[in-house]
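**Q** Starting off with a structure, shown below.
The values are calculated or read from the model by the stated rules, or taken from the named source; none is laboratory data. Note that the structure is predicted; figures quoted are calculated from it, not measured. Positions of Cβ are backbone-derived with ideal geometry, glycine not excepted, and every protein chain shown enters the neighbour counts.
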Amino acid sequence: MSAPTTSTGISDEVRELANQEYQYGFVTDLETDVAPRGLNEDIIRLISSKKNEPDWLLEWRLRAYRHWTTLTAPTWQHVTYGPVDYQDIIYYAAPKPKKRVESMDEVDPELREMFDKLGISLGEQERLSGVAVDAIVDSVSVATTFKDKLAEVGVIFCSFSEAVQEHPDLVRQYLGSVVPYNDNFFACLNAAVFTDGSFCYIPKGVRCPMELSTYFRINAADTGQFERTLIIAEEGAYVSYLEGCTAPVRDTNQLHAAVVELVALNDAQIKYSTVQNWYPGDADGNGGVYNFVTKRGMASGRNAKISWTQVETGSSITWKYPGVVLKGDNSVGEFYSVALTARRQQADTGSKMVHIGKNTKSTIISKAISAGHGQNTYRGLVDMRHSAVGARNFTQCDSLLIGKDSGAHTLPYIEVKNQTGQVEHEASTSKIGEEQLLYCRQRGIPEEEAVSMIVNGFCREVFKMLPMEFAVEAQKLLTVSLEGSVG
Amino acid sequence: MTVLSAASGVLAGFEPRLGARDPAWLAEARVAALQWVGEHGFPTHKDEDWKYTGLAPILAVPFDASTVASGSRVTAEMIDEAAVDLGGPRLVFVNGHFSSEFSRVTGVPAGAVVTTLAAVLAAGPDRLEPFFAHAPGVRHAFAAFNDALAEDGAFIHLPSGTIVDEPIQLVYFSDTGGVPLISSPRSVIIADSHSRATIVETYAGVDSDVYCTNAVTELLLAEDAHIEHYKVQNEPTSAFHVALLSVRQGRGSRFSSRSIMLGARIARHEVRVQLDGVGAEVSLDGVYLPQGDQLHDNTIFVDHAATDCTSHQLYKGVLDGRAHGVFNGHIMVRHGADGTDANQKNKNLLLSDRAEVDTRPRLEIYTDDVKCTHGAAVGQMDEEALLYLQTRAIPLEAARGLLIYAFVHEMVDRIELDPLRAQLERVVATRFGSDATVVAP
Amino acid sequence: MLKIEELHASIEDKEILRGVNLQLKPGEVHAIMGPNGSGKSTLASVLIGREGYLVSGSVTYEGQDLLTLSPEERAAAGVFLAFQHPVEIPGVGNMYFMRTALNSLRRQRGEEELDPVDFLALAQEKMKLVEMDQTFMNRSVNEGFSGGEKKRNEILQMAILEPKLAILDETDSGLDIDALRVVASGVNALRSEGRSMLVITHHQRLLDYIVPDQVHVMTAGRIVRSGGKDLAVELEAHGYTGTQEADAGRLSTAGISR
């Protein structure tokens, strides 16, 4: 005879969110060239001079800094965190040797070992996958592969610092044209102190022959990372760009305030994919990266198309709204997102689609998963201006909850000033399906694996937008992040 | 500082309404409420809940602090036209004060109380303490203003098991004769366990009068109480209308409210429902039909604080001219409110190139055992359908009217009171140039 | 193989199973019939370990206490349920799902996992049994499947997972005659000496195709009559009501067929 058993549902099993060890949390012992803590005009001058920048750029930085000192950090996000002491952050940390690297062979072996641990051995990657990689550690770009091959078709892919030296006119023309230095608190801080990032220029009519990829990593302690990415696709050009992020385990929070600007001219297309796996902090919410990022695309030309795809599994706090300004007639904006918050992670993310041109179209697909004490907020704006005749938007936001202490919030803003505009927004929130779990388990699939399978299925619509290798990595990340979310 | 100065501008001359025999708690609540307005000012677009609703046109009016305007032009015909007589008890308020001349209290079962707030205030207002002392005024300046100034309105108490068959009609009519008056009707409805009633509120006034109705209606539903509520807002487009419907629901209670928003230059109808008891159900519907320069704002907050509660919202708007529509719906599911089933839908039809709509459905969920959905849509007339109707020899204008009627009809159909439904059908037909009888099923 | 003794189950203070006794030998096919709400599906749910029930009594399966095992452990031990309402799992490919399931079972049994190529060969062979083609395998689990397709998909899974005890819960419901024929022939093909089946059905129709060794009648949470396959025919003629009344007097003693 068995004792009476009872249960109210899956929650007993699923409630607990244990600690999954963060796989990428190693610290590489690189000798680092660091600036003193804190922020003032001297630090900005130091950064600018270290990077041998032209005066106009220093002036731009200083304008940004002066404006930033008049701002206060925003509080409207649906996240809570302690005050950030901006004077206690190191704004510049370059791994030594800092001299420019011309080929993979010149890269510091220790650094290369680190990339191997990250699973992106540059040498291997160069040979095997045909993906051009720019790797950014802390704030400095350390290696850009495949430069020569890209140069043959006129594609410029290099670190931001290099672009400032080699292509100053392009940088000057487009820097801040999509995200002005005074856009918001964090974008403004970035404009003042950004140290590196990636620059990419696809000339007229060129289809970039390979995926371009940047790997970001925060390595030094107490370092902020402020990279800046600028991608310009000239008329009829096409590029697919991938961005991956990791950071070591630290018990203090690290600030990551990046800016990404995309410009797509007539008939150009930019596909920007992110797999964000910054350190999420431990089960009690200690440590982790504050990921406060401004990403925006300007579809300035006719028929231009900009797609954002993001898989956000890391960071203790994620705060970003990759958006598209649909200025060109018939231009298209897309946003596909998977955001997972487990442990005590918080995410306030979504998209902004601003319809200005005629017959502009936008699509937003958001899949949010909250487990443990995770809090996940979708916040989005669909703004249809009076000029946007015939504009269309479709938005679908689905949230999945795993555990009693998780939270999911859906906060769209829809503003329509055009009689011919059409907007459709749908959202749903529910617990992970108990019947689905039972079905899987009845077939012999252990509960944890079943949860991961169901969640991956829930996200499939977004994963299929990612390039193949990234889709595989994203699924693994999701599985790893969910491990321990089942009792 | 502009906020405060605007507030003090409006506040100038206003004093809390203190009766000589008022108990201390009431005087304190009124003074505190006015002070609150002085300190916090009126909401601005930076207030998330007022983001899209500019109050400048209201704050620009030098409102008169006096409590009465004559209302001498009002006739029974005017009241009947504004609020079709439903045959049951009917309380009529002119410029915020009870008018016995136009009122009728019949068909009220023994034990049930259908009277005025003024009567309760005069007789001993202690039963109102929970409503004033924990007033909704802390939420925003208009509700606080009502706390400070409210003198009259309906007071209804349904003891346990009371069933009122006839709908109880509350009519708020304004005839200010050129005096820019703020009226502050305050109605309190207490439904004890297993009681049941239908309440119909109508707000209307004399054309071209500039005034502001700042109404608060509070309902308290005990276990298994069942209240159906209707609100018809048809103030003249020279007037302003700000209203708060605040509801608390106990275990197993059911509440439905259907709002029909037609009039006013700026109208805001805010509904706050607190689901406190296990298994409570609420259903909120609204239709808003602004045209010209009208702004119609529907703000809804449903708070799921108990397990196994259900909430539904469906709001539909048709916007013409330079009209502006706002839907701001918020569902909160508290930690532990398991078994919640909540949904929310907002649909809008834009008829003009100058109309604007801002919609913001919101879900805020802190537990996992929920089923919540929301949806919002903005669109225009289906061109295919229009063409189809034209090929069937229906003129374009009539075809448009037909399609709008079809869009609104879902809402009209939900009105279970025949005379009220007929009234709204006429309004829709007149407004959109369609002959309702052609399309009525 | 399976021995159920005095099994009680209740949900939210409502007792649904009120002392079920049943014994199933290897290779036997038993049918459980009964009116709606008699507890047939609850019995299936309790046997596979659906949560939410307060359970007492005992269920011994191959000598071990089944009630202490988790659903996936029961599956690994060879218990399979063809669900009455198979749930849809959006985004999870049917083929991938079945391979994961089979490999989970193999892993739990200490057997080697099948790679995708070997699995495909296996699946293609089994698909013939239920007349399914590859397109089913490429769709998400049960998503957008018709009622008949869902039931065929259940039998396909049974064929691939090769359980020792298969419980078919209303597998005939909602099927037209052609689909019923396909499903039944699939099931019959899977009958074997080592595999027992518990066929739960409301209608005698299914039993024309899947001929049981024994038929049990369940009403109000108990098995009130047991007999050979002719009992099903009798029930079809006289209905459950007659059975209920006729057997009301011997509720407490009926049930076990040894």
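**Q** For residue A:485, only one of the following conditions fails: (1) in a helix (DSSP H, G or I); (2) among the polar types (S, T, N, Q); (3) away from chain C (no Cβ under 12 Å). What is its number?
**A** Only one criterion is unmet by residue A:485, namely (1).
**Q** Take the conditions of a type outside the set (D, E, K, R) and touching a helix residue (DSSP H, G or I) at 6+ places or on another chain (Cβ under 6 Å) and apply them to residue B:179. Does it pass? Don't jump to the end; show me each part of the working.
**A** Details: of a type outside the set (D, E, K, R): yes; touching a helix residue (DSSP H, G or I) at 6+ places or on another chain (Cβ under 6 Å): no.
Considered against the rule, which asks whether it is of a type outside the set (D, E, K, R) and touching a helix residue (DSSP H, G or I) at 6+ places or on another chain (Cβ under 6 Å), residue B:179 comes out as no.
**Q** Please work out which one of (1) outside any strand (DSSP E or B); (2) surrounded by fewer than 24 Cβ atoms within 10 Å (Cβ to Cβ) is the condition residue C:38 fails and give its number.
**A** The failed condition is (2).
**Q** On the given criteria, is residue B:121 surrounded by 17 or more Cβ atoms within 10 Å (Cβ to Cβ), in contact with a Pro (Cβ under 9 Å, 6 or more places away or on another chain) and not in a strand (DSSP E or B)? Steps first, please.
**A** Working: surrounded by 17 or more Cβ atoms within 10 Å (Cβ to Cβ): yes; in contact with a Pro (Cβ under 9 Å, 6 or more places away or on another chain): no; not in a strand (DSSP E or B): yes.
Criteria not met by residue B:121.
**Q** Shifting gears a bit: So which of A:60, A:56, A:68, A:76 is at pLDDT 85 or above and surrounded by fewer than 15 Cβ atoms within 10 Å (Cβ to Cβ)?
**A** Among A:60, A:56, A:68, A:76, only A:56 is at pLDDT 85 or above and surrounded by fewer than 15 Cβ atoms within 10 Å (Cβ to Cβ).
**Q** Have a look at B:306, B:355, B:337, B:342 and point out the one that is out of contact with any helix residue (DSSP H, G or I) (no Cβ under 9 Å at 6 or more places or on another chain) and closer than 19 Å to residue B:431 by Cα. Steps first, please.
**A** Details: B:306 fails: closer than 19 Å to residue B:431 by Cα; B:337 fails: closer than 19 Å to residue B:431 by Cα; B:342 fails: closer than 19 Å to residue B:431 by Cα.
After applying the criteria, what remains is B:355.
**Q** Taking the condition of being under 13 Å from residue B:186 (Cα atoms) and not hydrophobic (A, V, I, L, M, F, W, C), how many residues in the range B:82-118 meet it?
**A** Residues meeting the conditions: 5.
**Q** If I filter the range B:130-174 down to residues being surrounded by 22 or more Cβ atoms within 10 Å (Cβ to Cβ) and acidic (Asp, Glu), which single residue comes out as modelled with the lowest pLDDT?
**A** B:147
**Q** Then there is this: Just checking, how many residues over the range B:374-400 are assigned to a strand (DSSP E or B) and not aliphatic (A, V, I, L, M)?
**A** At the first step, the residues of the range B:374-400 found to be assigned to a strand (DSSP E or B) are B:374-379.
Still in the list and also not aliphatic (A, V, I, L, M): B:374-375, B:379.
The qualifying residues number 3.
**Q** Next question. Is there a residue being surrounded by fewer than 24 Cβ atoms within 10 Å (Cβ to Cβ), under 22 Å from residue B:156 (Cβ atoms) and under 9 Å from the mean Cα position of the chain (by Cα) anywhere in the range B:249-257?
**A** no
**Q** Return yes when residue B:349 is touching a helix residue (DSSP H, G or I) at 6+ places or on another chain (Cβ under 7 Å) and crowded, with 16+ Cβ neighbours inside 10 Å and no when it is not. If you could, list the steps in order and put the result at the bottom.
**A** On the way: touching a helix residue (DSSP H, G or I) at 6+ places or on another chain (Cβ under 7 Å): yes; crowded, with 16+ Cβ neighbours inside 10 Å: yes.
Yes: the conditions hold for residue B:349.
**Q** Is one or more of the residues making up the range B:218-234 in a loop (DSSP other than H, G, I, E, B), modelled with pLDDT under 95 and not basic (Lys, Arg)?
**A** Scanning the range B:218-234, I find no residue that is in a loop (DSSP other than H, G, I, E, B), modelled with pLDDT under 95 and not basic (Lys, Arg), so the answer is no.
**Q** Please go through (1) surrounded by fewer than 18 Cβ atoms within 10 Å (Cβ to Cβ); (2) free of Cβ contacts under 8 Å to residues at least 60 places away in the same chain; (3) farther than 28 Å from residue C:116 by Cα for residue C:70 and return the number of the only condition it doesn't satisfy.
**A** Here residue C:70 clears every test but (3).
**Q** Would you kindly identify the helices (runs of 4 or more DSSP H) lying entirely within the range C:61-137 that contain at least 3 residues that are out of contact with any Asp or Glu (no Cβ under 8 Å at 6 or more places or on another chain), more than 16 Å from residue A:438 (Cβ to Cβ) and not hydrophobic (A, V, I, L, M, F, W, C)? Spell out the reasoning first.
**A** Details: elements: C:71-76, C:94-108, C:116-129.
In the range C:61-137, the matching helices (runs of 4 or more DSSP H) lie at C:94-108, C:116-129.
**Q** Conditions first: (1) of a type in the set (Gly, Ala, Ser); (2) over 30 Å from residue A:265 (Cβ atoms); (3) under 19 Å from the mean Cα position of the chain (by Cα). Residue A:285 passes all but one, so which condition is the exception?
**A** (3)
**Q** Among the residues of the range B:394-410, are any within 28 Å of the chain's Cα centre (by Cα), under 24 Å from residue B:53 (Cα atoms) and more than 9 Å from chain A (Cβ to nearest Cβ)?
**A** Yes, because at least one residue in the range B:394-410 is within 28 Å of the chain's Cα centre (by Cα), under 24 Å from residue B:53 (Cα atoms) and more than 9 Å from chain A (Cβ to nearest Cβ).
**Q** Next up: So residue A:333 ticks every box in (1) in a strand (DSSP E or B); (2) within 18 Å of the chain's Cα centre (by Cα); (3) within 30 Å of residue A:483 (Cβ to Cβ) but one. Which box is left unticked?
**A** (3)
**Q** Run down B:88, B:111, B:54 and say which single residue is crowded, with 19+ Cβ neighbours inside 10 Å and either farther than 21 Å from residue B:232 by Cβ or more than 14 Å from every other protein chain (Cβ to nearest Cβ) (or both).
**A** B:88
**Q** Somewhere in the range C:9-18, is a residue surrounded by fewer than 20 Cβ atoms within 10 Å (Cβ to Cβ), in contact with an Asp or Glu (Cβ under 7 Å, 6 or more places away or on another chain) and more than 7 Å from every other protein chain (Cβ to nearest Cβ)?
**A** Checking the range C:9-18: not a single residue is surrounded by fewer than 20 Cβ atoms within 10 Å (Cβ to Cβ), in contact with an Asp or Glu (Cβ under 7 Å, 6 or more places away or on another chain) and more than 7 Å from every other protein chain (Cβ to nearest Cβ).
**Q** Suppose we filter B:116, B:44, B:2, B:106 for residues that are β-branched (Val, Ile, Thr) and modelled with pLDDT of 90 or more; which single one remains?
**A** Selected residue: B:116, the only one of B:116, B:44, B:2, B:106 that is β-branched (Val, Ile, Thr) and modelled with pLDDT of 90 or more.
**Q** What's the total number of residues in the range A:40-98 that are in a loop (DSSP other than H, G, I, E, B), touching a helix residue (DSSP H, G or I) at 6+ places or on another chain (Cβ under 9 Å), within 17 Å of residue A:184 (Cβ to Cβ) and of a type in the set (Ser, Thr, Tyr)?
**A** Here the count works out to 1.
**Q** Let me ask something else about it. For the range A:393-432, how many residues meet the condition of being more than 7 Å from every other protein chain (Cβ to nearest Cβ), crowded, with 21+ Cβ neighbours inside 10 Å and part of a strand (DSSP E or B)?
**A** Total satisfying the criteria: 6.
**Q** Next question, about the same structure. What are the residues in the range A:455-478 that are among the β-branched types (Val, Ile, Thr), within 20 Å of residue A:403 (Cα to Cα) and under 19 Å from the mean Cα position of the chain (by Cα), if any?
**A** Correct list: empty.
For (1) more than 12 Å from every other protein chain (Cβ to nearest Cβ); (2) crowded, with 17+ Cβ neighbours inside 10 Å; (3) at positive phi, each residue gets a yes or a no:
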{"residue": "C:64", "(1), (2), (3)": "no, no, no"}
{"residue": "C:87", "(1), (2), (3)": "no, yes, no"}
{"residue": "C:97", "(1), (2), (3)": "no, yes, no"}
{"residue": "C:121", "(1), (2), (3)": "yes, no, no"}
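**Q** Name, by its number, the condition in (1) at the interface with chain A (Cβ under 7 Å from one of its Cβ atoms); (2) part of a strand (DSSP E or B); (3) buried (at least 24 other Cβ atoms within 10 Å of the Cβ) that does not hold for residue B:368.
**A** Answer for residue B:368: the failing condition is (2).
**Q** Let me ask another. Go over the candidates C:58, C:45 one by one and state the one that is in contact with a strand residue (DSSP E or B) (Cβ under 6 Å, 6 or more places away or on another chain), surrounded by 15 or more Cβ atoms within 10 Å (Cβ to Cβ) and modelled with pLDDT of 90 or more. Before the answer, list the steps.
**A** Working: C:45 fails: in contact with a strand residue (DSSP E or B) (Cβ under 6 Å, 6 or more places away or on another chain).
From the options C:58, C:45, the qualifying one is C:58.
**Q** Hey, can you tell me all the residues within the range B:320-365 that are basic (Lys, Arg) and within 7 Å of chain A (Cβ to nearest Cβ)?
**A** Matches in the range B:320-365: B:360, B:362.
**Q** Test residue A:435 against the stated conditions and say whether it is out of contact with any strand residue (DSSP E or B) (no Cβ under 9 Å at 6 or more places or on another chain), at the interface with another protein chain (Cβ under 10 Å from one of its Cβ atoms) and either within 17 Å of residue A:313 (Cα to Cα) or surrounded by fewer than 19 Cβ atoms within 10 Å (Cβ to Cβ) (or both). Before the answer, list the steps.
**A** On the way: out of contact with any strand residue (DSSP E or B) (no Cβ under 9 Å at 6 or more places or on another chain): yes; at the interface with another protein chain (Cβ under 10 Å from one of its Cβ atoms): yes; either within 17 Å of residue A:313 (Cα to Cα) or surrounded by fewer than 19 Cβ atoms within 10 Å (Cβ to Cβ) (or both): yes.
So residue A:435 passes the test.
**Q** Something else now. Looking at the range B:363-379, which of its residues are touching a Ser or Thr at 6+ places or on another chain (Cβ under 6 Å) and within 28 Å of residue A:390 (Cα to Cα)?
**A** B:373, B:376
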